[in-house]
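The values are calculated or read from the model by the stated rules, or taken from the named source; none is laboratory data. None of the values given here were measured: they were computed from a predicted structure. Glycine also receives a Cβ, built like all others from the backbone with ideal geometry; neighbour counts cover every protein chain displayed. Heavy atoms of the whole protein, side chains included, go into the accessibility calculation; ligands, DNA and RNA do not. Shrake-Rupley method; radii C 1.70, N 1.55, O 1.52, S 1.80 Å.
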Amino acid sequence: MKYPKAVWVLSLASMCSIAAFAARPTMLKQLLAMGAFLVAGLLFLICLGWALTREKGRRLRAAIVPAAVLAVVPIGIELGHAIRDWQFQRDLPRYQAAAAWASTLAVPGETVTVLPPPAAYADLTYGVHITQNETCGLVVDFFWGGGFPVKHTVRRYIADPTSMQRKPCREGWRRGRQRAEGWFELAD
């Protein structure tokens, strides 16, 4: 009842690609994660079929492998989120410095776009939008992750975190969560 090493290698590779996408979404990582979902699903079906063909006394033991293959998806997602949280906390002082820099560029009533960002912040963002208005106050969006066809993940600094409770300050973003005081991560 020994599975080929390829099952474990493919399962581990699938988990890693799912974790990489969950940690920092990009188009390439999304493509790899989609492939990983397909590989994990196919491996699950193959292993489940194999387990069901075992004699009655060995089916339960053989079913452990398909269950383990199926578990790579939620484990990969949770691992990626843990890495994302750790990286954000590690980079928070640099994000705060970038927000201080960006706030000096704010023009009341307008959106200022900085593409590409300064070299000091290029690993934190691929674009910055700075907005200052009466409704939301100072808002700095650091475009941080992306996907296909058009998916963005933004790390948002907002000078008045309570303004995120106002609908106009969240408009256009389907999901979001607070990361730290004044910091939110939003996705469309």
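Does segment 84-100 contain at least one residue that is under 23 Å from the mean Cα position of the chain (by Cα) and either in a strand (DSSP E or B) or among the β-branched types (Val, Ile, Thr) (or both)?
For segment 84-100, residues under 23 Å from the mean Cα position of the chain (by Cα) and either in a strand (DSSP E or B) or among the β-branched types (Val, Ile, Thr) (or both): absent.
Looking only at segment 164-177, count every residue that is open to solvent by 100 Å² or more (accessible area, probe 1.4 Å) and assigned to a strand (DSSP E or B) and tell me the total.
Residues flagged as open to solvent by 100 Å² or more (accessible area, probe 1.4 Å) and assigned to a strand (DSSP E or B) within segment 164-177 amount to 2.
Would you say residue 38 is at pLDDT 90 or above and within 16 Å of the chain's Cα centre (by Cα)?
Taking the combined requirement at face value, the residue does not satisfy it.
(1) open to solvent by 60 Å² or more (accessible area, probe 1.4 Å); (2) touching a residue at least 12 places away in the same chain (Cβ under 8 Å): which one isn't true of residue 7, the others all being true?
(1)
For residue 150, work out the one condition from (1) of a type in the set (Val, Ile, Thr); (2) open to solvent by less than 20 Å² (accessible area, probe 1.4 Å); (3) within 27 Å of residue 32 (Cβ to Cβ) it doesn't fulfil.
Just one mismatch for residue 150, condition (2).
Being without any contact (Cβ under 8 Å) to a residue 60 or more places away in the chain, surrounded by 12 or more Cβ atoms within 10 Å (Cβ to Cβ), of a type in the set (Lys, Arg) and within 29 Å of residue 122 (Cα to Cα) is true for just one of 84, 54, 24, 94. Which residue is that?
On inspection, the qualifying residue turns out to be 94.
Tell me yes or no: at least one residue of segment 129-136 is open to solvent by 70 Å² or more (accessible area, probe 1.4 Å) and either more than 19 Å from residue 183 (Cβ to Cβ) or among the hydroxyl-bearing types (Ser, Thr, Tyr) (or both).
Yes, segment 129-136 contains at least one residue that is open to solvent by 70 Å² or more (accessible area, probe 1.4 Å) and either more than 19 Å from residue 183 (Cβ to Cβ) or among the hydroxyl-bearing types (Ser, Thr, Tyr) (or both).
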